[in-house]
Amino acid sequence: MLGDFDLATIGVLSSVTVLSMAISSLLKSSKNTNLHINKEISSLIAIGSILGGLAGKLSFNLLVLSMDIPSITAITQSTILASLLLLIYMYFKKKAQLKSFVLTNKLVILSVGFSLGFLSAFLSIGGGPLNVAMLVLLFSMKGKDAGINSIFIIFFSQLSALVLILFTTGFNDYHLSMLYFMIPGGIMGGIIGSHIVTKLTNSMVEKIFNVSILFIICINLYNIVKIALL
């Protein structure tokens with residue numbers, strides 16, 4: 001939205017910032033006995049998301065770096081993300097009337113992780129809204145537990161994405177000076193968010209979640225229009 005960086009740089013800035021948030025959130029939440037990480041399910045999803053993240057980042061690099069179509073890629077990213085977030089918003093508004101599941105098949109759980117990792121890496125986002133929606137729908141988690149399990153998954157998926165960049169293109173071609181501000185911001189956000197969530201009910205967390213989704217949808221619609229008019 002701010003238009004300061006190219007897509008590839010935005011992807012790296014996003015990954016490092018979200019990874020910083022994930023680390024601080026997990027450390028803060030580890031002291032909270034009211035938040036529960038389902039290590040078996042989340043670890044399987046994390047493994048799948050690492051593989052999906054690698055595939056998604058390779059696909060992203062192919063479109064942005066090799067084919068050199070940044071405008072088309074940006075519009076595609078924003079359109080897919082806005083559409084997914086709209087579906088997630090509609091799901092949470094009707095969640096009480098819809099059936100949720102508890103998946104146990106490990107191969108299916110890995111496949112879910114792969115899909116989430118691919119979308120998160122290709123769209124250059126942390127994947128929080130996607131993860132939370134799938135954890136609530138497919139594993140019947142409450143909002144607060146889905147949030148912390150999502151952060152657990154994000155930690156591994158973003159770390160793998162950064163490792164891939166390190167061993168392929170490297171970081172020399174990216175403009176990363178903003179990380180001096182974004183990393184502390186991500187850390188503070190993770191700590192403050194983890195503290196606030198302990199004071200809120202699941203219903204309040206879901207309301208904040210829905211407002212955030214609407215805000216991000218609006219940003220993506222703005223980006224689509226702005227890029228299309230350039």
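Among residues other than Ala146 whose Cβ falls under 12 Å from its Cβ, what is the net charge (Lys/Arg +1, Asp/Glu -1)?
With Lys, Arg at +1 and Asp, Glu at -1, the net is +1.
Relative to the present Cα-Cα distance, how much length would full extension add between Ser59 and Gln97 at 0.36 nm per residue of separation? Intermediate values should be presented prior to the final figure.
Numbers: separation 38, 0.36 × 38 = 13.68 nm, distance 3.68 nm.
Result for the pair: 10.0 nm of gain on full extension.
Which whole-Hz couplings ³J(HN,Hα) result when phi for each residue of segment 173-179 is put into the Karplus expression 6.51 cos²θ - 1.76 cosθ + 1.60, θ = phi - 60°, listed in order with x for Gly and Pro?
Karplus values, whole Hz, x for Gly and Pro: 8, 9, 8, 10, 4, 5, 4.
Within segment 1-91, report the trypsin sites (Lys or Arg not before Pro) that DSSP leaves as loop and that have at most 10 other Cβ atoms within 10 Å. Working shown, then result.
Numbers: sites: Lys28, Lys31, Lys39, Lys57; in loops: Lys31.
When the trypsin sites (Lys or Arg not before Pro) of segment 1-91 are filtered for loop state and at most 10 Cβ neighbours within 10 Å, Lys31 remain.
Enumerate lysine pairs in the chain that are 8 or more residues apart or on different chains, then count those whose Cα atoms are under 22 Å apart.
For the chain, the number of qualifying lysine pairs is 29.
Compute the Cα gyration tensor for segment 10-125, then decide on rounded, prolate or oblate, letting a ≥ b ≥ c be the square roots of its eigenvalues: rounded whenever a/c is under 1.5, prolate when a/b is larger than b/c in the other cases, and oblate in all that remain.
Numbers: a/c = 1.70, a/b = 1.40, b/c = 1.21.
Judged from the Cα gyration tensor, segment 10-125 comes out prolate (a/c at least 1.5, a/b above b/c).
Out of the total accessible area of the chain (probe 1.4 Å, heavy atoms of protein only), what percent is carbon and sulfur?
Details: 8610 of 12180 Å².
The value for the chain is 71 percent carbon and sulfur by accessible area.
Quick check on the chain: helices-only [θ] at 222 nm, where DSSP H runs of length 4 and up contribute -39,500 (n - 2.57) each and the sum goes over total residues. Nearest 500, please.
Numbers: 8 runs with 172 residues, N = 230.
Here the helix-only value at 222 nm equals -26000 deg cm²/dmol.
Just to check I understand the Karplus step: with θ = phi - 60° and J = 6.51 cos²θ - 1.76 cosθ + 1.60, what whole-Hz values come out for segment 76-87, glycine and proline as x?
For segment 76-87, the Karplus-derived couplings read 4, 4, 5, 5, 4, 5, 4, 5, 5, 5, 5, 4 Hz, x marking Gly and Pro.
Place a point 7 Å from the Cα of Leu200 along the Cα-to-Cβ direction; which residues of segment 107-148 have their backbone N under 19 Å from it?
Under cut-off, by backbone N: 126-137, 141-148.
Taking R0 as 35 Å, what's the FRET efficiency between Leu229 and Glu40 from their Cβ-Cβ distance, rounded to 0.05? Spell out each step's value before the answer.
Numbers: r = 48 Å, r/R0 = 1.38.
Efficiency at R0 = 35 Å is approximately 0.15.
What shape does segment 47-109 have by the C-alpha gyration tensor, where a ≥ b ≥ c are the square roots of the eigenvalues, rounded means a/c under 1.5, and otherwise prolate means a/b greater than b/c and oblate the rest?
Details: a/c = 5.88, a/b = 1.50, b/c = 3.93.
Since a/c reaches 1.5 but b/c is at least a/b, the shape of segment 47-109 is classed as oblate.
Could you give the accessible area per residue of the chain, probe 1.4 Å, as a whole number in Å²? Present the calculation step by step, with values, prior to reporting the outcome.
On the way: 12180 Å² over 230 residues.
Roughly 53 Å² per residue, with all protein chains present.
Multiplying the sequence separation of Ile208 and Leu7 by 0.36 nm and subtracting their Cα-Cα distance, what value in nm do you get? Could you put the intermediate results ahead of the total?
Values: separation 201, 0.36 × 201 = 72.36 nm, distance 2.80 nm.
That works out to 69.6 nm of additional length.
Tabulate in residue order the Karplus-calculated ³J(HN,Hα) for segment 13-20, using 6.51 cos²θ - 1.76 cosθ + 1.60 with θ = phi - 60°, rounded to whole Hz; enter x for Gly and Pro.
Calculated HN-Hα couplings, in order: 4, 5, 4, 5, 5, 5, 4, 4 Hz.
Only loop residues by DSSP count here, and only those with at most 12 other Cβ atoms within 10 Å; note down the trypsin sites (Lys or Arg not before Pro) in segment 138-230 that meet that.
Details: sites: Lys142, Lys144, Lys199, Lys207, Lys226; in loops: Lys142, Lys199.
Sparse-neighbourhood loop trypsin sites (Lys or Arg not before Pro): Lys199.
What value in Å³ per residue do you get for the convex hull of the alpha-carbon atoms in segment 10-72?
Working: hull volume 6.2 nm³, N = 63.
Convex hull of Cα atoms, per residue: 99 Å³.
The values are calculated or read from the model by the stated rules, or taken from the named source; none is laboratory data. Model, not experiment: these values are computed from the prediction. Cβ coordinates were reconstructed from backbone atoms using ideal geometry, including for glycine residues, and neighbour counts include every protein chain displayed. What goes into the accessible areas is simple: the full protein's heavy atoms, side chains included, and nothing from ligands, DNA or RNA. Shrake-Rupley method; radii C 1.70, N 1.55, O 1.52, S 1.80 Å.
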